[in-house]
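What follows is one structure encoded as structure tokens, with my remarks underneath.
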Amino acid sequence: MRRMTMSLAAALLLGTASACGGSGLDDGTQAAGGSSTVAATASLPEGSQPFPIDPSEFTTEIDNPYWPMKPGSQWKFRETDAEGAVRDVVVTVLDKTKTIANGVEARIVHDQVTEDGQLSEDTYDWYAQDSEGNLWYFGEDTTEYANGKPKTKEGSWEAGVDGALAGIIMPANAQVGMTYREEYYKGHAEDGASIIGTDALAKVPYGRFEHGVQTRNFSGIEPDVIEEKIYAQGVGIVLEITVSGGSDRSELLSYHEG
């Protein structure tokens, strides 16, 4: 999964979400549901802790409301940074699956990044949904390119290989205060997230979205880098902003449901 000081526009955007009843950037301490949130978080994987996985409890038919993955669905994003670089990202759900080393059958999602018309990253991600509706991430086969040629496969990992562990991308019932790992492969992929809002507002080229789930994303490898993401119901990720340790912004340009 690609890692994305916030621009003024981003600050205004998320500030508006807070003003409209959303959680905004400063509500990470708020709780929703009290003890029920604590119980829900306890049932999600965190850090490097092992978590029981029964392959029979997973499906490749992914209908999590905040990131449905129907074969043929496609998202197009534009990424920008402080240096003025612009990258185009195309994410496509394939009608293909892969059996992960830990025995789970996962949906393959193809993620391509181009800059100035030239391929810079080519990734195959693996997702599956459990019987409760949680969307899980089981790894990626990624290749970075330089001058049109493969440069490195750093960041590739597979759950069940060399101690790598699967993680959650979106819980079935998102609640403020939930914290969970997204991926774990020691020294290579150590991302996690906390839900800081469930009524976020985002305005991107593809449209205006209300009542989004807002996450704060962090990495054990890059502790100074913090991102925030907004997921819209029926669509998935619509906005990503680096709020600390960088200035990247990714926004949804178009979405086609398969």
Segment 192-221 and segment 111-145: distance between their alpha carbon centers, rounded to Å: 19
Starting from the amide H of residue 106, placed 1.01 Å from N in the peptide plane, find each other amide H under 5 Å away whose residue is 5 or more places distant or on another chain. 98, 99, 100
Placing +1 on the Cβ of each Lys and Arg and -1 on the Cβ of each Asp and Glu in segment 191-258, which of 198, 246, 220 has its Cα farthest towards the positive end of the resulting dipole? 198
Heads up, segment 99-258 by the C-alpha gyration tensor (a ≥ b ≥ c square roots of eigenvalues; a/c under 1.5 rounded, else a/b over b/c prolate, else oblate) looks rounded
For the pair residue 85/residue 224, report the inter-label distance in nm, with labels modelled 7 Å from Cα in the Cβ direction. 1.7
Taking the full set of protein chains and a 1.4 angstrom probe, give the accessible area of residue 56 in square angstrom, rounded to the nearest 10. 90
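May I ask you to compute the full-extension gain from residue 233 to residue 44, defined as 0.36 nm times their residue separation minus their alpha-carbon distance, rounded to one decimal in nm? Can you show the working numbers first?
Working: separation 189, 0.36 × 189 = 68.04 nm, distance 2.11 nm.
Fully extending the segment from residue 233 to residue 44 adds 65.9 nm.
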For segment 147-214, what class follows from the C-alpha gyration tensor (a ≥ b ≥ c being the square roots of its eigenvalues): rounded when a/c is under 1.5, otherwise prolate if a/b is larger than b/c, else oblate? oblate
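In square angstrom, what is the accessible area per residue of segment 151-191 with a 1.4 angstrom probe?
Details: 1570 Å² over 41 residues.
That works out to 38 Å² per residue.
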Run the simple label-point estimate for residue 188 and residue 146 please: 7 Å along Cα→C-beta, distance reported in nm. 2.0
What does the extension gain come out to for residue 131 and residue 210, with contour length at 0.36 nm per residue minus their alpha carbon separation? 25.7 nm
Would you work out what percent of the accessible area of segment 42-180, with all protein chains in place, is carbon or sulfur (probe 1.4 Å)? 45
Under 5 Å from the placed amide H of residue 197, counting only residues 5+ away or on other chains, we find 214
Accessible area in the full protein assembly, largest first, 1.4 Å probe, for 208, 78: 208, 78
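The values are calculated or read from the model by the stated rules, or taken from the named source; none is laboratory data. A quick note: this is a predicted structure, and the numbers were derived from the prediction, not measured. Here the Cβ is made from the backbone with ideal geometry for all residues, glycine too, and neighbour counts use every protein chain on show. Surface accessibility is based on the protein's heavy atoms, side chains included, excluding ligands, DNA and RNA. Shrake-Rupley method; radii C 1.70, N 1.55, O 1.52, S 1.80 Å.
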